[in-house]
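S.K.: The structure under discussion is supplied below as structure tokens; questions concerning it will follow.
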Amino acid sequence: MPLHPAPACVESPSLPASHPRIHWTAPDGAAASARWRSERGAPAPQRVVMADDTTTADTAYRLACAGTALLWLGDFHNARQLLQAMARRCDATPARKQRKAAQTAPDNHTAPAGAEAFHKHRQAQAQRARILGMVLLRFEPDHTLALRRAPDVQRACTHAWGAPAAEGGDSVASLRELLGLTSAQEWRRVGVEIPALGAPPHNRVFPHYGVFSPARGEYIDLVAQAPLPCAATGAPLPVFDIGTGTGVLSAVLARRGVGPITATDLDPRALACARENLTQLGVSDRVTLLQTDLFPAGQALLVVCNPPWLPARASSPVEHAVYDEGSRMLRGYLNGLAAHLAPAGEGWLILSDLAEHLGLRSRAELLLWIEQAGLAVLGRLDTQPRHSKASNASDPLHSARAVEVTSLWRLGASALRQPQQVATPG
């Protein structure tokens, strides 16, 4: 089938700016357009051609590298195979780079990862995502696909995009994004087993699309094992869970018998996800969910936060659970903690030191922020990550991941910030 170029993409005045339209020329020469969808915020491609089962991976890769998107008309499974072939081309190291690496490699030892290696890795990831995001699919108004051997994706798309718009109309999104939606739907269907929540079957958390999955269980185990601050005999132990996400830490703490718990998050998807998980785990009566940035009003004996661990810019919504540009959430938590701690209360900061090994943030810098916030370190619990990347020698950041430590920092108000005791008149 011939490849048909399309005119430049323009915004439709009938749709809000968050829903631009993508334009192309159909095989019969007619002009066509549809709503453009991109969860990672990618702009609608300005050049679009038609592609089908006769399009080769070399052609597709060349066009994608040049910024031309391919709107797929053929068999769905062939589109997936094409995407895989393009990915292999993205991941292949050009011969000239192989020769240069061989000339500069220091006796075949792995070079230590650092800020430069991290930023190069991120740039490579962004370039790979841009190229692979150029294979597009057109969705019917009800979020279905009119392609041969297309799977049923309506449920996955509805969970991510919401119910089909009242005004109807087709939409276009990348095949790569669709695979992310269907993968997230599988996580939501099967769930993640959390041993700290007890024995099966009542120990699973079900992540929603766009909400980070608690697959790294070591930080959850720290929260399950850390000694709780002391409350007066028989008194409740109020808790704030800052940035609750799936609600897993609130659930673990509720199972430990503390509460009442107030769990906060800015993301409506996260709050909906947490509400569903806390309900199915039978602890929703102990947790109040609140949409706010960082802290709720008042004070608590325990304030828990697991902020994103790497100070870098997120390139998609789900990455906000990993990347915290300028350490905004980390510093916001530290700077506001003392004011929200009840007397003798503790703040638990769950944080990996990967940023330190990558040269993105130093331990001295973290300790200075703690001190400047009027806080003192009461103790720290450490654990080694168990995720697969920690032992994957081919990972570009392996030398940093191999020595990564995840810690639960127990923080309290420093002596200078402790509230003064007011004498009771005799």
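S.K.: So for each of 249-262, 215-228 I average, over its residues, the number of other beta carbons within 10 Å; can you give me the resulting order with the highest mean first? Write out the running numbers ahead of the final one.
M.R.: Numbers: 249-262: 22.3, 215-228: 17.1.
The packing order, highest mean first, is 249-262, 215-228.
S.K.: In debye, nearest 20: dipole of the range 192-414 around its Cα centre with unit charges on the Cβ of K, R (+) and D, E (-)? Write out the running numbers ahead of the final one.
M.R.: Numbers: 17 positive and 20 negative charges, 44 e Å.
About 220 debye.
S.K.: Please work out the Kirkwood hydrodynamic radius for the range 305-358, using every pair of different C-alpha atoms, and report it in angstroms with one decimal place.
M.R.: On the way: mean 1/r = 0.0830 Å⁻¹.
Hydrodynamic radius (Kirkwood, Cα pairs) of the range 305-358 is 12.1 Å.
S.K.: Given Ala124, Val248, Gln372, which one lies farthest toward the positive end of the charge dipole of the chain, if we put +1 on the Cβ of every Lys and Arg and -1 on the Cβ of every Asp and Glu?
M.R.: Selected residue: Ala124.
S.K.: While we're on this one: Using alpha carbons only, how many angstrom separate the centre of the range 155-216 from the centre of the range 307-383?
M.R.: Between the Cα centre of the range 155-216 and that of the range 307-383, the gap is 28 Å.
S.K.: When the convex hull of the Cα atoms of the range 242-365 is projected onto a plane and the area is averaged over all directions, what value comes out in nm²?
M.R.: Details: hull surface 31.8 nm².
Result: a mean projected hull area of 8.0 nm².
S.K.: In the range 21-187, what is the volume of the convex hull around the alpha carbon atoms, normalised per residue and reported in Å³?
M.R.: Numbers: hull volume 24.5 nm³, N = 167.
Roughly 147 Å³ of hull volume per residue.
S.K.: Above 28 angstrom, tally the Cα pairs of the chain and express them as a % of all pairs, no decimals. Write out the running numbers ahead of the final one.
M.R.: Values: 51785 of 90525 pairs.
So the pairs more than 28 Å apart make up 57 percent of the total in the chain.
S.K.: If you place +1 on the Cβ of every Lys and Arg and -1 on the Cβ of every Asp and Glu, how big does the dipole about the Cα centre of the range 131-196 come out, in debye to the nearest 20?
M.R.: On the way: 7 positive and 8 negative charges, 44 e Å.
Rounded to the nearest 20 debye, it is 220 debye.
S.K.: Also, quick follow-up: For the range 21-187, give the share of DSSP beta bridges that are antiparallel, in percent and rounded to the nearest 5; count only bridges with both residues there. Can you show the working numbers first?
M.R.: On the way: 10 of 19 bridges.
Roughly 55 percent of the DSSP beta bridges within the range 21-187 come out antiparallel.
S.K.: So what is the orientation-averaged projected area of the range 192-414, using the convex hull of its C-alpha atoms, in nm²?
M.R.: On the way: hull surface 47.3 nm².
Approximately 11.8 nm², given one-decimal rounding.
S.K.: Follow-up question, since we're still on this one. Please compute the length gained on full extension between Thr292 and Thr56, using 0.36 nm multiplied by the number of residues separating them and subtracting their Cα-Cα distance.
M.R.: Contour length minus the Cα-Cα distance gives 80.0 nm.
S.K.: What is the dipole size for the chain, taken about its Cα centre, with +1 at each Lys and Arg Cβ and -1 at each Asp and Glu Cβ, in debye to the nearest 20? Can you show the working numbers first?
M.R.: Details: 42 positive and 37 negative charges, 157 e Å.
Roughly 760 debye, rounded to the nearest 20.
S.K.: Would you mind computing the Rg to Rh ratio of the range 208-262 from its alpha-carbon coordinates, Kirkwood style for Rh? Mind showing how you got there, number by number?
M.R.: On the way: Rg = 12.4 Å, Rh = 12.3 Å.
My calculation of the ratio gives 1.01.
Read the figures in this text as sums done on the coordinates, not as results from a lab. What you see is a predicted model, and the numbers here were worked out from it, not measured in a lab. Positions of Cβ are backbone-derived with ideal geometry, glycine not excepted, and every protein chain shown enters the neighbour counts.
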